[in-house]
Amino acid sequence: MPYFDHNATTFLAPEVAEVLSLALREVYGNASSTHAQGQLAKRQLEQSRRTIAGSLQAPPADFVFTSGGTESNNLAILGLLSRLAGGPKHVITSVIEHPSVLEVFRHLEREGIAVTFLPVDASGVVRAEAVADVLRPETVLVSVMHANNETGAVQPIREIAKVIRGRQIFLHSDGVQAFGKLAVDIRELDVDLYSVSAHKIFGPKGIGGLYVRKGTPLRPTMLGGHHERERRAGTENVPAAMAFARAVELCIEPDCALRDRFEAKLRAALPGIRIHSSGETRLPNTSNVLFPGVSAEALMIALDMHGMAVSTGAACSSGSVEPSHVLLGMGLSRKEARSSVRFSFGRYNTIQEIDSLVEATITSARKLTRMEAPIAV
């Protein structure tokens, strides 16, 4: 089945599956144990840490293994704030963040911490000057994603870092969608905390990581052991870490060829469409398209019947009846948001699959435009 929903998740690359299978059978020791099997697990864990941290241009000691992007984001935000001294605190995020960031900030707001939810412009980008405009003396944290999971819009993290440097403010970025699709150099981004996940890059689910710059205060949100240099309790998932490292080794930063071919053919046949964030730097694999007068859900189902997997937005929100908070945050109407479909490509997609997707999308959109009643707003 042609798969075009790689921003939601990816399948295991064959080479990664081989490493995972072998590790599950042969590297079964506890990495905290002192016997031979335990020390074998420890060596494999640390080699995996070096591989992943190295891809970020980060010291291995600054990389913490977690269960995935959601835990990494929670640990970064809650772990940092719980270690900061008392007194009034102000934190900043954006309205287009993943739910694993947004919900944490909403929780903090309910707990009495002052939160600013920054708006984005019509292209879905948080401007650095907007961050500067809302800084307060008590601001302690800014959290802005590196690249948006729905539109692919890349955020100006380095520029945001420049705005806050020289102040006692920490910078976290959710890099789950950017990692493996963009060249990520932690030193250049100048972030204090950066979240990554394996299942977006043809690795296994259930494993991720958090870069923590040396000297950044962080209290573990899971207690019960001294693992991960006392930053995350729990026996490390060594087989998954090994598979994650192999997925990183296989990463090839994608170019825009498939996405651009898809968009060009679609525009030629359906000139009324709009491609969100097309005027900004985007992830090279992501295309979010507004089909006026067409229900995105109906189009997704139609393509599914053609054997093609696409998405109407974030996988974590796929059961929601509400339109995308990202698109609404960009100023789209509810009707427009409900007419937008995300296509996200991967390194195993072929030109032939892209051309088949274009044909099926054009045919389905034209049919639905004729058949559908006006979309409820």
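Here are the numbers for the structure shown:
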| quantity | calculated |
| --- | --- |
| Filter result (surrounded by 24 or more Cβ atoms within 10 Å (Cβ to Cβ) and on the phi > 0 side of the Ramachandran plot) within segment 148-201 | G152, G180 |
| Close pairs from segment 1-15: first modelled with pLDDT under 95, partner crowded, with 20+ Cβ neighbours inside 10 Å, Cβ under 7 Å, at least 6 apart | P2/M308; P2/L357 |
| Subset of segment 216-231 (residues that are at pLDDT 95 or above, out of contact with any Lys or Arg (no Cβ under 8 Å at 6 or more places or on another chain) and either more than 20 Å from Q57 (Cβ to Cβ) or surrounded by fewer than 17 Cβ atoms within 10 Å (Cβ to Cβ) (or both)) | none |
| Checking I362 against (1) within 22 Å of R282 (Cα to Cα); (2) modelled with pLDDT of 95 or more, the condition it does not meet | (1) |
| Options G54, G86; residue that is within 20 Å of the chain's Cα centre (by Cα) and either free of Cβ contacts under 8 Å to residues at least 12 places away in the same chain or part of a loop (DSSP other than H, G, I, E, B) (or both) | G54 |
| Filter pass, T216 being among the hydroxyl-bearing types (S, T, Y) and under 30 Å from Q47 (Cα atoms) | yes |
| Any hit, segment 321-341, residues being at pLDDT below 95 and either of a type in the set (D, E, K, R) or surrounded by fewer than 22 Cβ atoms within 10 Å (Cβ to Cβ) (or both) | yes |
| Every residue from segment 21-60 that is in contact with a Leu (Cβ under 7 Å, 6 or more places away or on another chain) and either modelled with pLDDT under 95 or of a type outside the set (V, I, T) (or both) | G29, A31 |
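The values are calculated or read from the model by the stated rules, or taken from the named source; none is laboratory data. Predicted model, so just to flag it, every value in this text is computed and none were measured. Methodologically, a virtual Cβ is constructed for each residue, glycine included, from the backbone with ideal geometry; neighbour enumeration extends over all protein chains shown.
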